[in-house]
Amino acid sequence: MTAPPLPLATHWFDSRQVGDGLSVITEPHVHSFLRANIWHLRGSDRDLVVDAGLGTASLRQGVPQLFEHDPVLVVTHAHLDHMGGAHEFDTCYLHEAEAPGTPAPGTLRGEPLTSILGLRADAYTRPLPDLLLDAAPTLDFDPDAYELRAPASFLPLDDGDVIDLGDRTLTALHLPGHSPGSIALYEPATGALFSGDVIYDLREGEQFLDGITGANVEHYIHSLTRLADLPISVVYPGHGHPFGRQRLLQLVQNYVKARRP
Ligand SMILES: [Zn+2]
């Protein structure tokens, strides 16, 4: 039996102003498991883009403002929902431990994704549907033709490296645990942290995704403890909404307690 065709989305990307010179772009028709945040921070000399979404539709066509001001892209880690659109950017930073030249096979199907990620049955409480989209970005879109493309070139980013936007500077933190080369960007002047998948808000009973290939619980505990010791005021995560310092401390404490009883 053939599945009915996906309805055509009226628009693929949502863009929302979050703060001073900061916007977040999301893909609302993507299942929440793969719906990642694309952060766009305006700088006086150039812009910063943190993560590039799933790559199912063209960011250059759908969100042209991302490319207007000489953007530097930082991919927090190489999972498909953060790296999918990276090939559209000229300047792309990624930690070397993420093997950026050889992207993992990508898929928009629930079951193959489970095996690609090495997702343990106890690592994610809600089962994934067969297809991780509820609409198509274009008329000729074929979800089974999806593949993860490597960026044309990339620059290595490591702990302590500084991204200079002119009036704002951010420092890279290497925070392994979710993946070996996970990077977060910290802005000392404001206490803002762009965290990727290292830390994001959780529902009651959920835990960070550490039951996947490349994850390491000891490293995760170390990375989260490091974040708790920094004067972070607000977290702009890879998934879901921003949150403040108190929530960060609570999430760290809950994780450490659960994984180191
Ligand atoms: Zn991830």
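No value in this document is a laboratory result; all are computed from the given coordinates. None of these values were measured; they are calculated from a predicted model. Don't worry about glycine lacking a Cβ; one is built from the backbone with ideal geometry, like all the others, and counts go over all protein chains shown.
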The condition from (1) more than 15 Å from the ligand (Cβ to nearest atom); (2) assigned to a helix (DSSP H, G or I); (3) surrounded by 13 or more Cβ atoms within 10 Å (Cβ to Cβ); (4) not small (Gly, Ala, Ser) that TYR220 misses is numbered (1)
Where residues in region 41-50 are within 16 Å of the chain's Cα centre (by Cα) and touching a residue at least 60 places away in the same chain (Cβ under 8 Å), which of them is nearest to SER182 (Cα to Cα)?
VAL50
On the basis of being in a loop (DSSP other than H, G, I, E, B), touching a residue at least 24 places away in the same chain (Cβ under 8 Å) and in contact with a helix residue (DSSP H, G or I) (Cβ under 9 Å, 6 or more places away or on another chain), does GLY53 make the cut?
yes
Tell me, yes or no, whether region 188-201 has at least one residue that is farther than 25 Å from PRO28 by Cα and buried (at least 16 other Cβ atoms within 10 Å of the Cβ).
no
Can you work out which of the residues in region 76-103 that are touching a Ser or Thr at 6+ places or on another chain (Cβ under 9 Å) and closer than 14 Å to ILE212 by Cβ is farthest from the ligand (Cβ to nearest atom)?
GLU98
Taking region 191-211 and keeping only residues that are in contact with a strand residue (DSSP E or B) (Cβ under 6 Å, 6 or more places away or on another chain), more than 14 Å from HIS178 (Cβ to Cβ) and part of a loop (DSSP other than H, G, I, E, B), one is left with ASP201
If I ask for residues that are in contact with an Asp or Glu (Cβ under 9 Å, 6 or more places away or on another chain) and outside any helix (DSSP H, G or I), which ones from region 104-119 would you list?
PRO105, GLY106, THR107, LEU108, ARG109
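For (1) over 22 Å from ARG35 (Cβ atoms); (2) in a loop (DSSP other than H, G, I, E, B); (3) within 11 Å of the chain's Cα centre (by Cα), each residue gets a yes or a no:
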site: ALA57; (1), (2), (3): no, yes, no
site: ASP70; (1), (2), (3): yes, yes, no
site: LEU73; (1), (2), (3): no, no, no
site: ALA97; (1), (2), (3): yes, no, no
site: THR102; (1), (2), (3): yes, yes, no
Do we find a residue being without any contact (Cβ under 8 Å) to a residue 40 or more places away in the chain, touching a Pro at 6+ places or on another chain (Cβ under 9 Å) and not small (Gly, Ala, Ser) anywhere in region 201-218?
no
Give me a count of the residues in region 168-193 that are within 14 Å of the ligand (Cβ to nearest atom) and not aliphatic (A, V, I, L, M).
7
Give region 129-159 a look and list any residue that's part of a loop (DSSP other than H, G, I, E, B) and surrounded by 14 or more Cβ atoms within 10 Å (Cβ to Cβ), or say none.
LEU132, ALA135, PRO137, PHE141, TYR146, LEU148, ARG149, ALA150, PRO151, PHE154, LEU157, ASP158
Of everything in region 223-248 that's more than 23 Å from LEU22 (Cβ to Cβ) and touching a helix residue (DSSP H, G or I) at 6+ places or on another chain (Cβ under 6 Å), which residue is nearest to the ligand (Cβ to nearest atom)?
LEU224
Can you confirm whether PHE194 is touching a helix residue (DSSP H, G or I) at 6+ places or on another chain (Cβ under 7 Å) and either touching a residue at least 40 places away in the same chain (Cβ under 8 Å) or charged (D, E, K, R) (or both)?
no
